[in-house]
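Worksheet: the structure to be examined is printed underneath.
The values are calculated or read from the model by the stated rules, or taken from the named source; none is laboratory data. Note that the structure is a prediction, hence the values are computed from the model and not measured. Cβ atoms come from the backbone with ideal geometry, glycine included; neighbour counts cover every protein chain shown. Heavy atoms of the whole protein, side chains included, go into the accessibility calculation; ligands, DNA and RNA do not. Shrake-Rupley method; radii C 1.70, N 1.55, O 1.52, S 1.80 Å.
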Amino acid sequence: MHNDLVHTYEAQSTLHSALNHALGSSKGNWLIPALHVVCRNTHRAAALADESTGNKNDHARLQNAVTLLQASYSKTLNDRVELRPNEPFSEDGSKKIGVLYIVNQLFSMYFRLNTLRLCKNLLKPVESRGIHESGTMGEMVTYRYYVGRLNMFEDQYDLAEKNFDYALRHCHRSAVANKKRILNYLVPVKLLRGRLPTSKLLHKYSFREFVALSNGMRTGNLMEFSDGLIKYQDLFIRRGTYLLLEKCKMICYRNLFKRVYKIVGKEQIRLDCIAQSFKWLGMPIDLDEVECILANLIFKQYIRGYLSHEKKILVLSKKEPFPTSTVIK
């Protein structure tokens with residue numbers, strides 16, 4: 001079985017090389033549909049051949065496939081014929097019409113190989129020429145999805161949210177699996193920005209992994225949030241969202257302290273009252289830890305006020321001590 005898959009990839013790579021050569025010497029863009037099929041098959045054949053080795057660290061075929069797709073990318077991007085939106089495939093058309101599909105295939109391969117730095121080499125040439133807005137809707141949705149993931153890993157959460165939102169809004173209504181794939185990243189980004197998903201959405205897409213997190217953040221139940229994060233830790237690590245979701249704990253702290261404030265009913269709160277809330281949740285901490293958490297929340301402007309270290313008191317602002325606008329950015 002292993003040899004069959006490897007031989008299949010070798011035959012596919014030979015075909016891909018021949019098509020790249022033919023593309024370079026042909027006029028127009030009539031070969032682009034065939035190129036897209038070959039690029040997709042090269043990607044799939046390489047991935048299957050690598051998996052068949054049984055060695056998770058063996059990506060030799062996929063790395064070779066990247067080289068083939070990079071050659072296809074160069075031959076389409078560097079075509080001198082000007083790209084006209086929605087132009088038909090012909091002997092006069094621009095090969096640039098094939099760029100976006102190939103870029104998306106390369107994005108997928110770079111993420112699989114964990115070589116995200118190479119994605120940056122594709123962004124500037126594509127966006128400076130407006131190619132990312134000239135593909136089919138499916139290609140543009142896929143492009144925004146991968147760019148959103150790049151933004152997320154670079155801590156550019158506002159840009160990530162915009163790209164994921166675009167991808168979700170324009171994703172085909174019947175493509176439920178693709179919508180769920182987008183939401184796997186959009187929900188964590190929105191959680192970090194203080195926007196909690198509805199129970200209807202979580203039920204519709206069977207997002208059990210986000211139920212405890214959103215409930216914990218909504219009520220300030222740190223124990224429920226932490227348990228949910230630990231339970232689905234492996235899943236979140238595989239997706240690359242674990243560290244992002246861990247940052248959401250600050251909003252959970254903020255909402256817990258807001259509940260303590262409402263119970264106490266005044267702007268001056270003793271730190272031991274706050275420590276008591278942690279003990280009640282089954283997560284006892286000392287006053288130094290309470291001070292550290294509060295100092296971070298005040299610095300991030302999730303709480304308006306100041307700490308009196310000497311008196312062990314949190315003094316809250318009389319005007320909007322827990323500003324919503326800072327959390328929901």
Out of all the residues in segment 276-329, which are under 35 Å from the mean Cα position of the chain (by Cα) and among the aliphatic types (A, V, I, L, M)? 281, 283, 285, 290, 293, 294, 295, 297, 298, 303, 327, 328
Within segment 138-156, track down each residue that is in contact (Cβ under 8 Å) with a residue 60 or more places away in the chain and open to solvent by 30 Å² or more (accessible area, probe 1.4 Å). 149, 153
Hits in segment 18-49 (condition: under 22 Å from residue 110 (Cα atoms), open to solvent by 30 Å² or more (accessible area, probe 1.4 Å) and modelled with pLDDT of 95 or more): 37, 40, 41, 44
So, first residue farther than 18 Å from residue 225 by Cα in segment 273-301, second residue loosely packed, with under 12 Cβ neighbours inside 10 Å, Cβ within less than 6 Å, six or more apart or across chains; the pairs are none
Name every residue in segment 278-303 that is in a loop (DSSP other than H, G, I, E, B), more than 13 Å from residue 222 (Cα to Cα) and not charged (D, E, K, R), in order of residue number. 301, 302, 303
Looking at segment 192-277, what helices (runs of 4 or more DSSP H) fall wholly within it and have at least 2 residues that are within 30 Å of residue 112 (Cα to Cα) and either open to solvent by less than 60 Å² (accessible area, probe 1.4 Å) or at pLDDT 95 or above (or both)? 199-204, 208-219, 222-231, 233-239, 242-247
Residues in segment 72-115 that are in a helix (DSSP H, G or I) and either acidic (Asp, Glu) or open to solvent by 40 Å² or more (accessible area, probe 1.4 Å) (or both) total 4
Among the candidates 319, 311, single out the residue that is assigned to a loop (DSSP other than H, G, I, E, B) and without any contact (Cβ under 8 Å) to a residue 12 or more places away in the chain. 311
Would you confirm, using the coordinates I've provided, whether residue 52 is of a type in the set (S, T, N, Q) and open to solvent by 30 Å² or more (accessible area, probe 1.4 Å)? yes
Considering residues of segment 157-194 that are in contact with a Lys or Arg (Cβ under 8 Å, 6 or more places away or on another chain) and without any contact (Cβ under 8 Å) to a residue 24 or more places away in the chain only, the residue farthest from residue 246 (Cα to Cα): 168
Neighbours by Cβ (under 6 Å, 6+ apart or cross-chain): first from segment 11-31, within 14 Å of residue 97 (Cβ to Cβ); second part of a helix (DSSP H, G or I) and of a type in the set (D, E, K, R): 23/75; 29/95
For segment 119-137, give me each residue that is open to solvent by 20 Å² or more (accessible area, probe 1.4 Å) and either farther than 20 Å from residue 81 by Cα or hydroxyl-bearing (Ser, Thr, Tyr) (or both). 120, 121, 123, 128, 134, 136, 137
